[in-house]
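For reference, the structure is listed below as structure tokens.
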Amino acid sequence: MIEELKAHEDFRQQVREWLARNLPKDWQAEMLGASEDEHAAFQKRWFRQMREGGYVAPHWPKQWGGGGMSFPQQIVLFEELARAGAPRLVLYFISLYHAPATLLEWGSEEQRKRHLPAILTGDEIWCQGFSEPGAGSDLASLRTKAERRGDVYVINGQKTWSSNAYRARYCLLLARTDSTAPKHKGISYFILDLESKGVTRRPIRMLTGGSHFCELFLDNVEIPAENRIGEEGQGWAVAQSTLASERGLTALEFAERMRQALALLVRDASKPAPWGGRFIDDAGIRRQLVDVHIGTETLHVLVGNMLTRALRGDGGGSEASIIKIYHSEMLQKFTDLGVQLGGISGQYVQSVLMGGGYESGYWMHDNLYSWACTIAGGSNEIQRNIIAEKTLGLPREPKLASGH
Amino acid sequence: MDFKLTEEQSALVEAVQAILGDHSELTVSNRHGFCHFDHKLQHLLLENGFLDAGRDLGALEAALVTIEASRIPATVEVGASAIVAARLLPDERVEGPIALIGEGGLDKPVRNLPVARTAFVESGDDVLVLKIEAKDVEITPSIYAYPFGRFRTEPDLTRCQRIVGAAVQLRQWWRVALAAECSGTAQSAIAFTIDHVNNRQVLGRAVGSYQSVQHRLVQCHMIAQGIHFLTLRAAWSGDPAHADEAACYAQQHVQKFMVDLHQFNGAMGVTNEHLLHFWTYRLRALQSEAGGAHGAARSIARARWARSSMPKVAGGRA
């Protein structure tokens, strides 16, 4: 991989210079404790700035307005964004990754033309409607119904954990079109216009105080049949393309941001300790810092291995699952140490750095949010099942006979 | 680093695997001991040039050979010869097997000393190259899966070759070598356990079909992967910090392997009628070498946060 990256040193320099010119120097001050509205406005500004620079959709084909960048170029770009501490485009995560990955592989030409250019304006925000109160890790058990009536599907059900649904216009929706088919086969995939009649959005207040997750209540919502993606009953296969877009470079970004954020822990550990001297002079604290440091380095080499394999077209293993577990569990240790270093004052809920990384240095918030990371994106328990079966070759847990 | 092996590196690994394949099973007479040092295999690795991989090819290649040789239940000495000696004395061939002795370790049991012909002895900032004869060493009874021995009388160091200022280098490459051994050994111990839990039935099901077992084995696998890639990076980069990180990570997770792997092998797993201990007891022996996990951690902290007023601990360099 190193040779491929070396070939893009000029590009790295170009990105670095662009960031030096364009990254708002005071963005952290502006976003610290910002309201959801202020954050959304800032995200839109940064999105447009990134688009002007040609960096907002590096993985999209040029044909659709993206950067058409090679995989090594994307690695370089994400490394530099993380190193510069640039804000994450969290408001657009589904719009930039899930929506295009789904539409480009399964969507009709009409659907692509309608939505892909609109996403790049920064005005069309998307969310995801997969999880339900009774179908999270076991997504295939979803119960939201889609009933075909002429040219429309009528949707009834409830979705949850839809990030940014409150601000989104469109939703990638999974619903059951055939309740008699085996559960993976009776699902279809739709584009839902959230301004349709019968859609109710309710933000969910998190332990962190934030509320970017929403519940969606769908009561007799009509979706035109042309907004179905793929064939009826093909939704599960389409959803795999959506979910696959989460892996890969996002792991690189998370690993790189965590590596950079170690400096924030060291900054706090260098402050005076109540017992005299500095925290960092305490052997116990130093040891915890070393463990966190080694953890970030281990994550870094595991991601390096995964990207190397992906570059060679060999990405079918369970590396993404390993990295997901590793990152999320490291994040909990990392931010917990931050809270410890904050002492009593670190126990209060501080202002939130909106759009910051998972390790923003506002440790109580970071730590509270880290608890979500071992659940989101496929819980760590599900990831362990995947690794056990796919990589270690262990037998599946047998299903109980019906009636038990 | 590039984590994909080159064609030459892959060929090297395949070649060493071909030789190791003939030695991957222990004979019945060797199965019930605590340790089986395979002298014949040691000779074959030497004759076929694998112990010169560090000189002829590079430290990464030497680490690959060490990892492979650590996968079999029998013991050979590869890391000190292929990795450490090649870095400390790149232009000299040192008679092996080689034992590594830390500061103040001359009167203590030393791994591989009963089979060693040379020892690298840490002495202040320098390293002494000590020639060893079999009569100088008595075997130390040990349950670890390496031969351990100690000097009958304190060796005469006045005639030793002195490598000036090499102690830091010794510590660095020793850590790479032990991390490489941990990598191969841990991977084999996990594979052995997976085989066992796939075959062993409990309550009408394979032990390995229980999630409570699967999830802990996955954790072991993830740790072993981390050790593996940290080791390869340390061998490739030659950066002492990377060596400290690889050794620290490997050594601090030994206990996790010990607890989980023995647990899943059941009661037979804590007897020497079962092969597991040939790997896990090597891991246990490696746990405290070269300063152990705490020594490596102190080294990392000192290098990264040098302005600290951390108190020095007597008797250890790191």
Does any residue in the stretch A:30-49 that is in contact (Cβ under 8 Å) with a residue 40 or more places away in the chain come within less than 8 Å, Cβ to Cβ, of a residue that is assigned to a strand (DSSP E or B) six or more places away or on a different chain, and which pairs are these?
A:31/A:353; A:32/A:353
For residue B:174, all conditions in the list (1) of a type in the set (A, V, I, L, M, F, W, C); (2) in contact (Cβ under 8 Å) with a residue 60 or more places away in the chain; (3) out of contact with any strand residue (DSSP E or B) (no Cβ under 6 Å at 6 or more places or on another chain); (4) more than 9 Å from chain A (Cβ to nearest Cβ) hold save one; what is the number of the exception?
(3)
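Residues checked against (1) surrounded by 19 or more Cβ atoms within 10 Å (Cβ to Cβ); (2) touching a helix residue (DSSP H, G or I) at 6+ places or on another chain (Cβ under 9 Å); (3) more than 23 Å from residue A:301 (Cα to Cα):
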site	(1), (2), (3)
B:243	yes, yes, no
B:251	yes, yes, no
B:254	yes, yes, no
B:264	yes, yes, yes
B:272	no, yes, yes
B:279	yes, yes, yes
B:288	no, yes, yes
Residue pairs meeting the criteria (Cβ under 7 Å; at least 6 apart or on separate chains; first within 20 Å of residue A:167 (Cα to Cα), in the stretch A:214-239; second of a type in the set (Phe, Trp, Tyr) and buried (at least 16 other Cβ atoms within 10 Å of the Cβ)):
A:214/A:166; A:223/A:153; A:223/A:190
Condition set in a helix (DSSP H, G or I) and more than 16 Å from residue B:69 (Cβ to Cβ), scope the stretch B:6-24, selection farthest from the chain's Cα centre (by Cα): answer is B:7
Step by step: first the residues of the stretch A:224-268, then only those that are buried (at least 17 other Cβ atoms within 10 Å of the Cβ), aliphatic (A, V, I, L, M) and touching a strand residue (DSSP E or B) at 6+ places or on another chain (Cβ under 7 Å), then the one that is nearest to the other protein chains (Cβ to nearest Cβ). Which residue is that?
A:239
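Which ones in the stretch A:131-182 are of a type in the set (Lys, Arg) and under 20 Å from residue A:231 (Cα atoms)? Walk me through it before giving the result.
Taking the stretch A:131-182 first, the residues of a type in the set (Lys, Arg) are A:143, A:145, A:148-149, A:159, A:167, A:169, A:176.
Correct list: A:143, A:145, A:148, A:149, A:176.
Closer than 30 Å to residue B:270 by Cα and either in contact with a Cys (Cβ under 8 Å, 6 or more places away or on another chain) or not in a helix (DSSP H, G or I) (or both), is that true of residue B:3?
Details: closer than 30 Å to residue B:270 by Cα: no; either in contact with a Cys (Cβ under 8 Å, 6 or more places away or on another chain) or not in a helix (DSSP H, G or I) (or both): yes.
Here the answer is no, as residue B:3 does not meet what is asked.
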Looking only at strands (runs of 3 or more DSSP E) that fall completely inside the stretch A:86-181, which ones have 1 or more residues that are surrounded by fewer than 21 Cβ atoms within 10 Å (Cβ to Cβ)?
A:145-149, A:152-163
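If I filter the stretch B:192-207 down to residues being of a type outside the set (S, T, N, Q), assigned to a helix (DSSP H, G or I) and without any contact (Cβ under 8 Å) to a residue 40 or more places away in the chain, which single residue comes out as nearest to the other protein chains (Cβ to nearest Cβ)?
As a first pass, look at the stretch B:192-207 and keep what is of a type outside the set (S, T, N, Q): B:192, B:194-197, B:200, B:202-207.
Pick out the ones that are also assigned to a helix (DSSP H, G or I) and you get B:192, B:194-197, B:207.
Within this subset, residues satisfying the condition of being without any contact (Cβ under 8 Å) to a residue 40 or more places away in the chain are B:194-195.
On the way: B:194: 6, B:195: 9 Å.
Top of the filtered list is B:194.
Based on what the data block shows, is residue B:98 modelled with pLDDT of 95 or more and farther than 20 Å from residue B:52 by Cα? Before the answer, list the steps.
Working: modelled with pLDDT of 95 or more: yes; farther than 20 Å from residue B:52 by Cα: no.
Here the answer is no, as residue B:98 does not meet what is asked.
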Test result for residue A:191, in contact (Cβ under 8 Å) with a residue 60 or more places away in the chain, within 24 Å of the chain's Cα centre (by Cα) and not assigned by TED's automatic domain parsing to the domain that holds residue A:41:
yes
Would you confirm whether any residue within the stretch A:38-50 is over 30 Å from residue A:192 (Cβ atoms) and either among the acidic types (Asp, Glu) or in the same structural domain as residue A:212 (by TED's automatic domain parsing) (or both)?
no
Could you say whether any residue in the stretch A:391-403 is within 17 Å of residue A:243 (Cβ to Cβ), of a type outside the set (A, V, I, L, M, F, W, C), touching a residue at least 24 places away in the same chain (Cβ under 8 Å) and within 14 Å of another protein chain (Cβ to nearest Cβ)?
no
Total residues in the stretch B:126-144, condition loosely packed, with under 12 Cβ neighbours inside 10 Å and among the acidic types (Asp, Glu)
1
Considering B:246, B:235, B:293, which residue is assigned to a helix (DSSP H, G or I), touching a Lys or Arg at 6+ places or on another chain (Cβ under 9 Å) and either under 28 Å from residue B:122 (Cα atoms) or within 12 Å of another protein chain (Cβ to nearest Cβ) (or both)?
B:246
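Please go through the stretch A:286-309 and give me each residue that is in contact with a Lys or Arg (Cβ under 9 Å, 6 or more places away or on another chain) and hydrophobic (A, V, I, L, M, F, W, C), ordered by number. Before you say what the answer is, go through the steps one by one.
Of the residues in the stretch A:286-309, the ones in contact with a Lys or Arg (Cβ under 9 Å, 6 or more places away or on another chain) are A:286-293, A:295-297, A:299-301, A:304-306, A:308-309.
Hits for the stretch A:286-309 are A:289, A:290, A:292, A:299, A:301, A:306.
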What's the number of the condition residue A:317 fails, among (1) without any contact (Cβ under 8 Å) to a residue 60 or more places away in the chain; (2) closer than 30 Å to residue B:293 by Cβ; (3) of a type in the set (Gly, Ala, Ser); (4) within 11 Å of chain B (Cβ to nearest Cβ)?
(1)
Only residues that are aliphatic (A, V, I, L, M) and not in a helix (DSSP H, G or I): list them for the stretch A:259-285, please.
A:273
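Counting only residues that are acidic (Asp, Glu) and buried (at least 19 other Cβ atoms within 10 Å of the Cβ), which one in the stretch A:351-404 is farthest from residue A:258 (Cα to Cα)? Full working, then the answer.
Applying the first criterion (acidic (Asp, Glu)) to the stretch A:351-404 yields A:359, A:366, A:381, A:389, A:397.
Narrowing the set further to residues that are buried (at least 19 other Cβ atoms within 10 Å of the Cβ) leaves A:359, A:366.
On the way: A:359: 7, A:366: 12 Å.
Filtering first and then ranking leaves A:366.
Within the bounds of the stretch B:6-26, is there any residue that is within 21 Å of residue B:284 (Cβ to Cβ), away from chain A (no Cβ under 14 Å) and modelled with pLDDT under 95? Talk me through it step by step, then tell me what you get.
Going through the stretch B:6-26, the residues within 21 Å of residue B:284 (Cβ to Cβ) turn out to be B:26.
Within this subset, residues satisfying the condition of being away from chain A (no Cβ under 14 Å) are B:26.
After this cut, where a residue has to be modelled with pLDDT under 95 as well, the list is B:26.
Checked against the condition, which is being within 21 Å of residue B:284 (Cβ to Cβ), away from chain A (no Cβ under 14 Å) and modelled with pLDDT under 95, the stretch B:6-26 yields at least one hit.
For (1) in contact (Cβ under 8 Å) with a residue 60 or more places away in the chain; (2) buried (at least 21 other Cβ atoms within 10 Å of the Cβ); (3) part of a loop (DSSP other than H, G, I, E, B); (4) not polar (S, T, N, Q), each residue gets a yes or a no:
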| site | (1), (2), (3), (4) |
| --- | --- |
| B:149 | no, yes, no, yes |
| B:153 | no, no, yes, no |
| B:158 | no, no, yes, no |
| B:179 | yes, yes, no, yes |
| B:190 | yes, yes, no, yes |
| B:218 | no, yes, no, yes |
Considering only residues of the stretch A:56-85 that are in contact with a Gly (Cβ under 7 Å, 6 or more places away or on another chain) and outside any helix (DSSP H, G or I), which is surrounded by the most Cβ atoms within 10 Å (Cβ to Cβ)?
A:57
Residue under evaluation residue A:53, criteria (1) among the small types (Gly, Ala, Ser); (2) out of contact with any His (no Cβ under 9 Å at 6 or more places or on another chain); (3) free of Cβ contacts under 8 Å to residues at least 24 places away in the same chain; (4) within 30 Å of residue A:308 (Cβ to Cβ), criterion not met
(3)
Complete set of residues in the stretch A:335-362 that are touching a residue at least 60 places away in the same chain (Cβ under 8 Å) and of a type in the set (A, V, I, L, M, F, W, C):
A:337, A:341, A:349, A:352, A:353, A:354
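The values are calculated or read from the model by the stated rules, or taken from the named source; none is laboratory data. Model, not experiment: these values are computed from the prediction. Heads up, the Cβs are rebuilt from the backbone with ideal geometry, glycines too, and the neighbour counts pull from every protein chain shown.
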